[in-house]
Amino acid sequence: MAARNQRGAVFPSPVVILSVLAVAMAGIAYVATRGGEPTEREVTPVVQEEKPKESPSPSYQPTKDAKPKKPPVRRGKVYVEVYNNSGITGLAGRVADRATGIGWAVVGSDNWYGTIPSTTVYYPQKLKRAARTLALDLGVQRTAPAVDPMRQDRLTLILTEPLR
């Protein structure tokens, strides 16, 4: 009688299978999320130089354009949420207190989980002017349109470092 070959196939354990799947998913996530240009913009104050005016002749009377001025932002009427995306404990609470002291209606502060490139004020389109005012009040250099899951009825301030 011929000798039987007792070799068989060994299947990997579930831990090895899950590890291979986790590495594959991480690779797919890396490829899918790299290289996109951010939609955030940097806010920089603009200083306009005043040009010397020519002296008009006595009969010349310039007329002013009748541009209606936009009403000032009413800080107490704009809701603001402050989130901490840094490793500094209590940063969102301190900045929320500072914004409240300036007159903003801060309705909450918490931690933000995600990747934010730098401290940013996010705004819905109707609060764009208010976002710029908040950014100037707190010394924040960036504003950007709000994205999901941010609320569309308030400003969202996400901190990545202490404010100056």
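The values are calculated or read from the model by the stated rules, or taken from the named source; none is laboratory data. Treat the numbers as computed from the prediction; the structure is a model and nothing was measured. Cβ sites come from the backbone with ideal geometry, for glycine too, and all protein chains shown count toward neighbours.
Could you tell me whether any residue of the range 110-121 is under 18 Å from P72 (Cβ atoms) and modelled with pLDDT under 95? No, the range 110-121 has no match at all. Set side by side, the residues T133, T143, T160 differ, and just one is closer than 22 Å to T33 by Cβ, of a type outside the set (G, A, S) and in contact (Cβ under 8 Å) with a residue 12 or more places away in the chain, which is T160. When the range 123-161 is filtered for residues that are closer than 18 Å to N85 by Cα and of a type in the set (D, E), the ones remaining, listed by number, are D148, E161. Given the structure, is L91 touching a residue at least 12 places away in the same chain (Cβ under 8 Å) and either touching a Cys at 6+ places or on another chain (Cβ under 8 Å) or farther than 29 Å from T33 by Cα (or both)? Judged against the criteria, L91 is not a match. Filtering the range 142-162 to residues that are touching a helix residue (DSSP H, G or I) at 6+ places or on another chain (Cβ under 8 Å), surrounded by 14 or more Cβ atoms within 10 Å (Cβ to Cβ) and not in a strand (DSSP E or B) leaves only R154. The conditions are (1) surrounded by fewer than 17 Cβ atoms within 10 Å (Cβ to Cβ); (2) touching a Gly at 6+ places or on another chain (Cβ under 8 Å); (3) among the aliphatic types (A, V, I, L, M), and V82 fails exactly one of them. Which is it? For V82, the failing item is (1).
Against the numbered list (1) surrounded by 10 or more Cβ atoms within 10 Å (Cβ to Cβ); (2) at pLDDT 75 or above, A32 comes up short only at (1).
Within the set A130, A146, the sole residue that is among the hydrophobic types (A, V, I, L, M, F, W, C) and more than 12 Å from the chain's Cα centre (by Cα) turns out to be A130.
Of the residues in the range 98-108, at least one is part of a loop (DSSP other than H, G, I, E, B) and either within 27 Å of T33 (Cβ to Cβ) or out of contact with any Phe, Trp or Tyr (no Cβ under 9 Å at 6 or more places or on another chain) (or both).
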